[in-house]
1. Between a first residue in region 122-139 that is over 14 Å from C231 (Cβ atoms) and touching a residue at least 24 places away in the same chain (Cβ under 8 Å) and a second residue that is hydroxyl-bearing (S, T, Y) and part of a loop (DSSP other than H, G, I, E, B), which pairs have beta carbons less than 9 Å apart while being 6 or more apart in sequence or on different chains?
2. What's the number of the only condition in (1) touching a residue at least 40 places away in the same chain (Cβ under 8 Å); (2) more than 19 Å from G143 (Cβ to Cβ) that A195 fails to meet?
3. Looking at T161, T212, T200, T170, can you tell me which residue is more than 30 Å from S56 (Cα to Cα), without any contact (Cβ under 8 Å) to a residue 60 or more places away in the chain and hydroxyl-bearing (S, T, Y)?
4. When you go through I197, I180 one by one, which is the residue that is modelled with pLDDT of 95 or more and touching a helix residue (DSSP H, G or I) at 6+ places or on another chain (Cβ under 7 Å)?
5. Before we move on, is E222 in a helix (DSSP H, G or I), among the charged types (D, E, K, R) and either within 20 Å of the chain's Cα centre (by Cα) or at positive phi (or both)?
6. Looking only at region 138-163, filter to residues that are more than 17 Å from the chain's Cα centre (by Cα) and either of a type in the set (D, E, K, R) or surrounded by 15 or more Cβ atoms within 10 Å (Cβ to Cβ) (or both); which one of those is farthest from H241 (Cα to Cα)?
7. Checking S77 against (1) under 22 Å from A163 (Cα atoms); (2) among the hydroxyl-bearing types (S, T, Y); (3) not in a helix (DSSP H, G or I), only one condition comes out false. Which one?
8. From the list N164, N154, pick out the single residue that is at pLDDT 95 or above, not in a helix (DSSP H, G or I) and not β-branched (V, I, T).
Amino acid sequence: MGYHLHQKNNVLVFTIARPERRNAINYEVMDGLNEAVTKAENDDSIKIFMITGEGSAAFCAGGDLQEFHGLKTQQESYSMLSKMGAILYRLATLDKVTVAFINGTAVGGGCEIAAACDYRFARQGVKMGFVQGSLAITTGWGGGTLLYERLPANQAFRLLTEANILPGQTLSELGFIDQIVEAESADELIEMFGAVIEKTAPVLSAYKKMLTRKWIASDLKERMESEMYECSVLWEKEDHHEAVDRFLKK
């Protein structure tokens with residue numbers, strides 16, 4: 001299976017387990033993440049939902065290009081983009097504390113997953129980048145819209161348009177990464193959340209709802225859906241398919 005789920009104390013941990021593909025997302029992982037969000041949503045004992053990647057090389061390399069390169073048309077790509085985008089909207093608005101433990105490289109959609117979480121903690125030495133622009137597409141899972149919610153607009157715009165891979169320390173200085181940590185595993189990182197875990201679940205949920213009410217009022221879902229559609233329009237263009245071909249031949 002391309003993922004696994006475990007619970008420690010009041011924390012549910014979803015691990016993307018495709019290290020041979022740098023923890024890239026396929027449909028199986030999408031379905032697993034959707035089910036995990038549902039479990040976190042419905043289980044009152046869960047106060048924190050954490051996402052990480054298996055191993056130490058990669059957090060998530062985004063969508064699996066080998067699997068999704070077969071999607072050629074706007075309609076085909078929109079089906080995939082909107083499926084994952086709907087999951088990230090659920091993740092972003094989940095009434096629990098959400099954490100991305102960026103244990104290795106995060107590029108493309110991996111950064112979008114991180115942007116959907118409340119907290120982003122990264123291991124020393126990781127690199128990250130919203131590299132979609134280098135593949136002649138935009139962010140397509142709603143992560144660009146979410147990035148604009150996390151950072152000042154000028155900083156988010158620069159990260160998206162330059163499409164560079166940057167050291168985690170740089171992203172920490174910008175405020176996208178909340179903290180660089182020495183933790184080697186999700187279970188180690190959980191120890192840092194004692195002050196959160198000791199609060200009652202209704203208190204944590206109430207504070208999260210204060211944030212999501214603002215997003216709902218500003219049409220976050222509709223803005224994310226527009227992002228997905230715009231990406232799908234670019235997806236079917238030759239510029240994108242040629243860029244992916246070059247990438248896969250490296």
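1. Taking only residues 6 or more apart or on different chains, the pairs are R123/S56.
2. Among (1) touching a residue at least 40 places away in the same chain (Cβ under 8 Å); (2) more than 19 Å from G143 (Cβ to Cβ), A195 violates only (1).
3. Values: T161 fails: more than 30 Å from S56 (Cα to Cα); T212 fails: without any contact (Cβ under 8 Å) to a residue 60 or more places away in the chain; T170 fails: more than 30 Å from S56 (Cα to Cα).
Result of the check over T161, T212, T200, T170: T200.
4. On the way: I197 fails: touching a helix residue (DSSP H, G or I) at 6+ places or on another chain (Cβ under 7 Å).
Among I197, I180, only I180 is modelled with pLDDT of 95 or more and touching a helix residue (DSSP H, G or I) at 6+ places or on another chain (Cβ under 7 Å).
5. Working: in a helix (DSSP H, G or I): yes; among the charged types (D, E, K, R): yes; either within 20 Å of the chain's Cα centre (by Cα) or at positive phi (or both): yes.
So E222 fits the description; yes.
6. Restricting attention to region 138-163, the residues satisfying the condition of being more than 17 Å from the chain's Cα centre (by Cα) are 152-155, 157-158, 161-162.
Cutting the leftovers down to either of a type in the set (D, E, K, R) or surrounded by 15 or more Cβ atoms within 10 Å (Cβ to Cβ) (or both) gives us 155, 158, 162.
Numbers: Q155: 28, R158: 24, E162: 20 Å.
Only one residue fits best here, namely Q155.
7. That leaves (3) as the condition not met.
8. Details: N154 fails: not in a helix (DSSP H, G or I).
When all the criteria are applied, what remains is N164.
The values are calculated or read from the model by the stated rules, or taken from the named source; none is laboratory data. Just so we're clear, the structure is a prediction, and the values are computed from it rather than from any experiment. Using ideal geometry, Cβ is built from the backbone for each residue, glycine included, and neighbour counts are taken over all protein chains shown.
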